[in-house]
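K.L.:
Below is one structure. I have some questions about it.
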Amino acid sequence: MTPLPVNRAERVETHRAEIFKGRDYRQQEFLNFVLGHYVARGVGELDTSKLPQLIELKYYSVGDAVAELGPPDNIREVFVEFQQYLY
């Protein structure tokens with residue numbers, strides 16, 4: 001018997017502790033925002049091409065995101081790195 005697929009919300013809740021481990025509060029806030037979009041809209045929200053749009057939705061500008069999360073390379077790293085825990 002094939003196991004049932006896990007829905008996105010369950011997947012996020014199952015791995016939330018691993019995703020947030022070692023992240024500061026601001027990074028966790030950003031990841032929570034990204035995860036909400038993933039649950040609502042699907043895996044396409046995790047594509048790196050979506051990162052600029054997600055930043056603008058959450059922070060209004062890249063400058064504001066940099067002030068909150070650090071340099072763009074760090075933001076990208078946080079965005080890409082957490083995804084290993086989802087799948």
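The values are calculated or read from the model by the stated rules, or taken from the named source; none is laboratory data. In this text, all values refer to a predicted model and were calculated from it rather than measured experimentally. Ideal geometry is used to build each Cβ from the backbone, glycine not excepted, and the neighbour counts take in all protein chains shown. Ligands, DNA and RNA are stripped out before the accessible areas are found, and what is left, the full protein with its side chains, is counted by its heavy atoms. Shrake-Rupley method; radii C 1.70, N 1.55, O 1.52, S 1.80 Å.
K.L.:
Does the stretch 60-68 contain at least one residue that is part of a helix (DSSP H, G or I) and under 13 Å from the mean Cα position of the chain (by Cα)?
P.N.:
So the first thing to find is which residues in the stretch 60-68 are part of a helix (DSSP H, G or I), and the list is 62-68.
Within this subset, residues satisfying the condition of being under 13 Å from the mean Cα position of the chain (by Cα) are none.
No, there is no match, as no residue in the stretch 60-68 is part of a helix (DSSP H, G or I) and under 13 Å from the mean Cα position of the chain (by Cα).
K.L.:
Looking at (1) outside any helix (DSSP H, G or I); (2) farther than 26 Å from GLU10 by Cβ, can you tell me which one ARG23 breaks?
P.N.:
It is condition (2) that ARG23 fails.
K.L.:
Would you please name the residue that is farthest from ILE19 (Cα to Cα), looking only at residues in the stretch 63-79 that are in contact (Cβ under 8 Å) with a residue 24 or more places away in the chain and open to solvent by 70 Å² or more (accessible area, probe 1.4 Å)?
P.N.:
Per the stated criteria, the residue is GLU68.
K.L.:
Then there is this: In the list TYR60, TYR87, which residue meets the criterion of being surrounded by fewer than 11 Cβ atoms within 10 Å (Cβ to Cβ), on the phi > 0 side of the Ramachandran plot and among the hydroxyl-bearing types (Ser, Thr, Tyr)?
P.N.:
Numbers: TYR87 fails: on the phi > 0 side of the Ramachandran plot.
Being surrounded by fewer than 11 Cβ atoms within 10 Å (Cβ to Cβ), on the phi > 0 side of the Ramachandran plot and among the hydroxyl-bearing types (Ser, Thr, Tyr) holds for just one of TYR60, TYR87, which is TYR60.
K.L.:
Can you spot a residue in the stretch 11-30 that is acidic (Asp, Glu), open to solvent by less than 50 Å² (accessible area, probe 1.4 Å) and within 17 Å of GLN84 (Cβ to Cβ)?
P.N.:
Scanning the stretch 11-30 turns up no residue that is acidic (Asp, Glu), open to solvent by less than 50 Å² (accessible area, probe 1.4 Å) and within 17 Å of GLN84 (Cβ to Cβ).
K.L.:
Shifting gears a bit: Which pairs turn up if I take residues in the stretch 9-32 that are of a type in the set (Gly, Ala, Ser) and look for partners that are assigned to a helix (DSSP H, G or I) with beta carbon separation below 8 Å, at least 6 apart in sequence or on another chain?
P.N.:
ALA9/VAL39
K.L.:
Checking GLU68 against (1) at positive phi; (2) touching a Lys or Arg at 6+ places or on another chain (Cβ under 6 Å), only one condition comes out false. Which one?
P.N.:
The one condition GLU68 does not meet is (1).
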